[in-house]
Amino acid sequence: MKQRVITGLIGIVIFFIVVYCLPVEAIVGIFAALCGFASYEAIHINKEMGKNKLYVAISALMGAFIPVAILYFDITTMLIMAAVYTAVMVIFAFSKKIKFNLGRVVESYVGVFGVTTLLSSVMKIFILSSEGKVLVLMPFAVAWCTDIFAQLCGIAFGKHKLCPKISPKKTVEGSVGGILGGVIGVFIISSLLSEAATIPVATLIFMGACGSVISQIGDLSMSLLKRLNGVKDFSNLFPGHGGVLDRFDSVMLAAPFVELVLRSLGIM
């Protein structure tokens with residue numbers, strides 16, 4: 001627990017230094033590296049695909065380029081990348097270096113394109129919204145306040161298991177507490193916005209509650225992926241927290257939802 005707290009505090013400090021002190025190009029570069037590592041984690045945990053270092057490296061490089069393609073290029077670039085990656089899988093399959101099945105094909109596409117595309121919403125909020133340096137905190141507030149309140153309420157009141165086959169410790173009571181946490185999180189961040197970017201109270205409640213539910217789905221989906229591959233954590237990049245996908249699994253789905261709400265309000 002001590003290591004987890006220390007790593008968390010260091011991570012928060014680094015996050016604010018990166019967001020508020022570095023130029024946009026450097027931030028995009030760091031984010032691209034994190035997305036590349038997320039792709040590495042998604043492919044590496046699969047025992048069959050993970051044993052081929054070249055395939056893992058190609059997947060990581062492709063994943064790192066996704067946020068760059070989304071921010072600075074168009075859908076054509078993404079389609080070309082998907083075609084290239086498909087060709088890579090075909091080559092590895094026909095050379096018999098990897099024994100592909102439907103599950104591994106899906107996991108490859110999700111790890112390289114799905115996860116990184118969803119996470120790219122964080123960068124779109126930061127760069128494209130009118131108050132990006134504040135609004136970029138919104139999906140993190142939703143996800144992490146959900147996580148904190150879910151744990152506290154689960155410990156205090158948890159009796160009914162939520163999804164015991166996927167995540168045995170999660171409870172219905174904790175999930176409800178997480179929704180409350182998500183609402184509190186968005187209100188905290190909204191208090192930092194200027195009057196020009198004021199978000200209606202009803203929208204904040206909607207964003208916090210629905211965003212919390214969505215972030216919990218993201219958490220459960222990554223837990224399912226780990227369980228299917230028989231691992232506890234995606235990696236040990238962050239001591240006490242696991243890897244990029246362990247730390248940002250709930251943000252992964254919360255960010256696109258927050259982006260959608262901000263676009264509907266004309267803030268993006």
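The values are calculated or read from the model by the stated rules, or taken from the named source; none is laboratory data. Because the structure is a prediction, the values reported are computed rather than measured. Cβ atoms come from the backbone with ideal geometry, glycine included; neighbour counts cover every protein chain shown.
Of the numbered criteria (1) within 18 Å of residue 251 (Cα to Cα); (2) surrounded by 15 or more Cβ atoms within 10 Å (Cβ to Cβ), the one residue 166 fails is (1). How many residues, within the stretch 1-33, are at pLDDT 85 or above and not in a helix (DSSP H, G or I)? Looking only at that region, the number is 2.
Of all residues in the stretch 99-144, which are of a type in the set (Val, Ile, Thr) and either surrounded by fewer than 21 Cβ atoms within 10 Å (Cβ to Cβ) or in a helix (DSSP H, G or I) (or both)? Talk me through it step by step, then tell me what you get.
Going through the stretch 99-144, the residues of a type in the set (Val, Ile, Thr) turn out to be 105-106, 110, 112, 115-117, 122, 125, 127, 134, 136, 142.
The answer is 105, 106, 110, 112, 115, 116, 117, 122, 125, 127, 134, 142.
Restricting to the stretch 61-98, and then to whatever is aromatic (Phe, Trp, Tyr) and surrounded by 12 or more Cβ atoms within 10 Å (Cβ to Cβ), can you tell me which residue is nearest to residue 39 (Cα to Cα)? It would help to see each step written out before you state the result.
Residues of the stretch 61-98 that are aromatic (Phe, Trp, Tyr), as a first pass: 65, 72-73, 85, 92, 94.
Subsequent filtering for residues that are surrounded by 12 or more Cβ atoms within 10 Å (Cβ to Cβ) retains 65, 73, 85, 92.
Details: 65: 11, 73: 20, 85: 13, 92: 18 Å.
If we take residues in the stretch 61-98 being aromatic (Phe, Trp, Tyr) and surrounded by 12 or more Cβ atoms within 10 Å (Cβ to Cβ), then 65 is nearest to residue 39 (Cα to Cα).
Return the residues of the stretch 165-186 that are touching a residue at least 40 places away in the same chain (Cβ under 8 Å), part of a helix (DSSP H, G or I) and within 24 Å of residue 227 (Cβ to Cβ); say none if nothing qualifies. 175, the sole residue that qualifies. Here 187, 234 are screened, and the one residue that is in contact with a strand residue (DSSP E or B) (Cβ under 8 Å, 6 or more places away or on another chain) and aromatic (Phe, Trp, Tyr) is 234. Per the conditions (1) of a type in the set (Ser, Thr, Tyr); (2) in contact (Cβ under 8 Å) with a residue 40 or more places away in the chain; (3) closer than 17 Å to residue 123 by Cβ, the sole criterion not satisfied by residue 72 is (2). Taking into account only those residues within the stretch 33-60 that are of a type outside the set (Ser, Thr, Tyr) and more than 22 Å from residue 249 (Cβ to Cβ), which is surrounded by the fewest Cβ atoms within 10 Å (Cβ to Cβ)? Among residues in the stretch 33-60 that are of a type outside the set (Ser, Thr, Tyr) and more than 22 Å from residue 249 (Cβ to Cβ), the one surrounded by the fewest Cβ atoms within 10 Å (Cβ to Cβ) is 53. The condition (being on the phi < 0 side of the Ramachandran plot, among the acidic types (Asp, Glu) and modelled with pLDDT under 90) is satisfied by just one residue among 173, 195: 195.
For the stretch 145-154, filtered to residues that are surrounded by fewer than 22 Cβ atoms within 10 Å (Cβ to Cβ) and aliphatic (A, V, I, L, M), the residue that is farthest from residue 172 (Cα to Cα) is 148. Remark: pairs (first residue in the stretch 147-161, farther than 18 Å from residue 182 by Cα; second residue surrounded by fewer than 21 Cβ atoms within 10 Å (Cβ to Cβ) and among the β-branched types (Val, Ile, Thr); Cβ separation under 7 Å; 6+ apart in sequence or on different chains) = 160/172.
Given the criteria without any contact (Cβ under 8 Å) to a residue 60 or more places away in the chain, within 24 Å of residue 187 (Cβ to Cβ) and either out of contact with any His (no Cβ under 8 Å at 6 or more places or on another chain) or of a type outside the set (Phe, Trp, Tyr) (or both), does residue 128 qualify? So residue 128 fails the test. Going through the stretch 201-217 one residue at a time, which ones are in contact (Cβ under 8 Å) with a residue 60 or more places away in the chain and surrounded by fewer than 23 Cβ atoms within 10 Å (Cβ to Cβ)? Correct list: 203 only. For the stretch 238-267, enumerate the residues that are assigned to a loop (DSSP other than H, G, I, E, B) and surrounded by 19 or more Cβ atoms within 10 Å (Cβ to Cβ). Passing the criteria: 243, 267.
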